[in-house]
Amino acid sequence: MFKTIGIMTAWNQDSGVAMHSKPIVYSWLKMGYEVVIFSFIKEDFHGRVIWDEYDEPFVIRCFGTSGGTNFLDPRPFLLEKYDIFVVQDLKMLPMDNLAKIFHHIKKKAKATIHVIHENTVEGSFEPPQPPSFYAFDWDAVVYFDKRQESFVKAIYGDKAHYIPFPAYPLRKVDKDKAREELNLPKDKKIVLVYAIGGYTPYLPDLPDPELDDIHFLILTRKPIRVKYKNVEVRSPPPLRDEDLDKYVGAADAVILHKVRTPLVPLALKSSAAYQLMGLGVPLLVPSISEFFIEFNNEVLKYTDRHHLKELILDAVNLGEKTKKTLEAARKFVEEHSPEKIGKMFIDLFHKLIG
């Protein structure tokens, strides 16, 4: 049996690793387990924004990034109590320093697990991980994308376990209240263009009489000048989960434009899609992008600006395509709920210490 789970991860920041950890950690807490989180120091972290003032009491910031300070305070790892030790995204951590104390961690923990975020280990277009990346004697390695399977199993064999990426839970936002608080028009259809981080602004051909009554709201960190009367650009302060939920809940559709088409298949994921799908608002994404290749009916995929226009009109009018998409998205979120994914991890922990 075990009581406490220690996890070394990004936390309370805008990275895909943090978005993977948060729903799982809170599912463990709901199950009655204790959790201690070891995370990046505020001076050196992986991501663009960190909300350290909102840290929960079980969070300890005690290390930096491998490409930054490479700092690691060994004391929390040696003195804190934990029965299970989980590491997220090893390549961003001070690997060499962690390796020096890993034998102590192995003595304390009944099982050690690495959640691997690599999307490939092949090809000359990406630098290989240093040898120390492969020096750790993990009891299990978890991968969350089937495209990772071939190289993870080739390296780790029977220690490799597939557990899907968790979705944020189903939730509802009061649309009228959200629009009032955000000073958005209540009498128009609103399309949110999420252009923060790796997402870029993308609009249908404008002006267009059929789209004149739609209010396009672009959220971005970069200055953008647009001449269309029905397009608004905002550069809000860093958006916490509840802030982003409000913007999405106020909209009738969301455009997530993030395109990458590598030479060979890579295990690329849109963590924003996993975060936002549970809000019941249709997501419009580029069909060519590998970030969304795993989704079928759960999102509306456009091929070009003309196709995007057609899907926007269907989405804001709740057409048949959109109704099917929202139902498929609901089922996807239920299948990838924090409770189900968190339970899969707990079952793995039991299997490892059994």
Can you name the condition, by its number, that Leu300 falls short on among (1) surrounded by fewer than 21 Cβ atoms within 10 Å (Cβ to Cβ); (2) touching a Pro at 6+ places or on another chain (Cβ under 6 Å); (3) farther than 23 Å from Ala18 by Cα? (1)
Does at least one position in the range 33-48 carry a residue that is touching a His at 6+ places or on another chain (Cβ under 6 Å) and crowded, with 21+ Cβ neighbours inside 10 Å? no
Unique match (being under 21 Å from Leu244 (Cα atoms) and out of contact with any strand residue (DSSP E or B) (no Cβ under 9 Å at 6 or more places or on another chain)) among Gly319, Gly342, Gly278: Gly278
Residue under question is Ile105, and the condition is that it be closer than 25 Å to Gly354 by Cα, modelled with pLDDT under 95 and assigned to a helix (DSSP H, G or I); does it hold? no
Could you tell me whether any residue of the range 108-126 is outside the structural domain of Ala272 (by TED's automatic domain parsing), among the aromatic types (Phe, Trp, Tyr) and farther than 24 Å from Ala18 by Cβ? yes
Just the residues that are of a type outside the set (A, V, I, L, M, F, W, C), at pLDDT 95 or above and assigned to a helix (DSSP H, G or I), please, taken from the range 272-311. Tyr274, Gln275, Gly278, Arg305, His306, His307, Lys309, Glu310
Looking at the structure I just gave you, is Ile346 assigned to a helix (DSSP H, G or I) and in the same structural domain as Lys110 (by TED's automatic domain parsing)? yes
Mind listing whichever residues of the range 212-259 are basic (Lys, Arg) and either under 14 Å from Gly197 (Cα atoms) or not assigned by TED's automatic domain parsing to the domain that holds Val281 (or both)? Arg221, Lys222, Arg240, Lys258
Regarding Pro262, is this residue exposed (fewer than 15 other Cβ atoms within 10 Å of the Cβ) and closer than 25 Å to Ala18 by Cβ? yes
Consider Ser132 against the criteria (1) surrounded by fewer than 19 Cβ atoms within 10 Å (Cβ to Cβ); (2) in a loop (DSSP other than H, G, I, E, B): it satisfies all of them except one. Which criterion is unmet? (2)
Given the residues Lys106, Lys110, Lys100, which is the only one that is surrounded by 13 or more Cβ atoms within 10 Å (Cβ to Cβ) and free of Cβ contacts under 8 Å to residues at least 60 places away in the same chain? Lys106
Pull out all pairs, ordered by first then second residue, where Cβ-Cβ is under 7 Å, the residues are six or more apart or on different chains, the first lies in the range 122-138 and is over 20 Å from Ser66 (Cα atoms), and the second is surrounded by 12 or more Cβ atoms within 10 Å (Cβ to Cβ) and at pLDDT 85 or above. Glu122/Phe151
Log entry, pairs with first residue in the range 167-184 being more than 24 Å from Ala18 (Cβ to Cβ), second being surrounded by fewer than 12 Cβ atoms within 10 Å (Cβ to Cβ) and charged (D, E, K, R), beta carbons closer than 8 Å, six or more apart or on different chains, reads Asp176/Lys186; Arg179/Lys186; Glu180/Lys186
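The values are calculated or read from the model by the stated rules, or taken from the named source; none is laboratory data. None of the values given here were measured: they were computed from a predicted structure. Glycine also receives a Cβ, built like all others from the backbone with ideal geometry; neighbour counts cover every protein chain displayed.
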